[in-house]
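Asker: The structure's right below; bear with me while I get my questions together.
The values are calculated or read from the model by the stated rules, or taken from the named source; none is laboratory data. From a predicted model like this one, the values you see are computed outputs, not experimental measurements. Ideal geometry is used to build each Cβ from the backbone, glycine not excepted, and the neighbour counts take in all protein chains shown.
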């Protein structure tokens, strides 16, 4: 047998090595730049405290500093950029008071180097600094001395990502998107899309206070079917206008054409299995629109598309699809199949009366083809929190 390496194999291995090396260099450069900007922000804030009139002092210093840095190092040090570096430092020290307590991809400091004092934590907690808008954060001289001794945050994203994240005022929401970016390797474009589609609010609506807190601490964890469910699913990337007349076949084709974006909207762990999956029962043929497999839950996920209002027959049909997969398709070591009827409109009461009380397999979710109104979701979350407190 000839064990010599083929030239094409050698090329692919070397090309892969070079690509990995280049990506690592880019990643290292980006990370170094982020840490450098954080340190520049710290220096500006600490120097700023020495001015008698902080606001006027800051403006003059930054203007002069911008001129000198630009003359020495070129572009990238405009007054606006320096202000953003300053805000970056403030956002990731004072406003993230609890980061040292959160074991996540964002803060992997060991116990020995979690150098934030208990007194400082209590002080930050009492003053509710984390709940303030980023624009309102103005630390005192004592606070500057305290936060300077805090462990350096762990930055895994690009500077462009952090410029976007800093504009998210809710610290819990900001931490959620930061975790998801790092975990799922989101591009800046995907981060913007998920924010515009109100991913945090849509996930938070189906959770209690503890669940919302978990989103901020650990991101989206997939441990049971309801963890990945959304209502609604946002399919604006299909380019199907809200009032446009289209068939279920048109909707299915549009999803297949934009399968990558649809998988991102579905969430973590999904892989595509089949379109128009055929099932034969007593010589009659039935077809499920879309079938996926979720690697995290180790189960099939069957999706049926309905462009009109959901009926109890639609739910009954999905129950048959799920039973078929459980009894014929799934392997013994795989978990029970999940069925989702994705519809334009639904009656939640009809869904509840059609399905058994202990249902954990069949779900109905709405979809929409335009980006949602973020403020409406925020209002719904606030209302649900008030209702839970009353109960």
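Asker: Regarding residue 342, is this residue in a helix (DSSP H, G or I), at pLDDT 80 or above and either touching a strand residue (DSSP E or B) at 6+ places or on another chain (Cβ under 6 Å) or in the same structural domain as residue 287 (by TED's automatic domain parsing) (or both)? Steps first, answer last, please.
Answerer: Working: in a helix (DSSP H, G or I): no; at pLDDT 80 or above: yes; either touching a strand residue (DSSP E or B) at 6+ places or on another chain (Cβ under 6 Å) or in the same structural domain as residue 287 (by TED's automatic domain parsing) (or both): yes.
The answer is no for residue 342.
Asker: Here's a follow-up. Only one of 60, 75 is under 21 Å from residue 163 (Cβ atoms) and either at pLDDT 75 or above or part of a helix (DSSP H, G or I) (or both). Can you tell me which? Full working, then the answer.
Answerer: On the way: 60 fails: under 21 Å from residue 163 (Cβ atoms).
From the options 60, 75, the qualifying one is 75.
Asker: Of everything in segment 267-298, what is crowded, with 18+ Cβ neighbours inside 10 Å and farther than 29 Å from residue 183 by Cα? Give them in sequence order. Outline the logic, then answer.
Answerer: Within segment 267-298, the first condition is being crowded, with 18+ Cβ neighbours inside 10 Å, and the residues that meet it are 267-268, 270, 277, 288-294, 297.
Result: 277, 288, 289.
Asker: Select from segment 331-358 the residues that are surrounded by 13 or more Cβ atoms within 10 Å (Cβ to Cβ) and under 17 Å from residue 224 (Cβ atoms) and write down the one among them that is farthest from the chain's Cα centre (by Cα).
Answerer: 355
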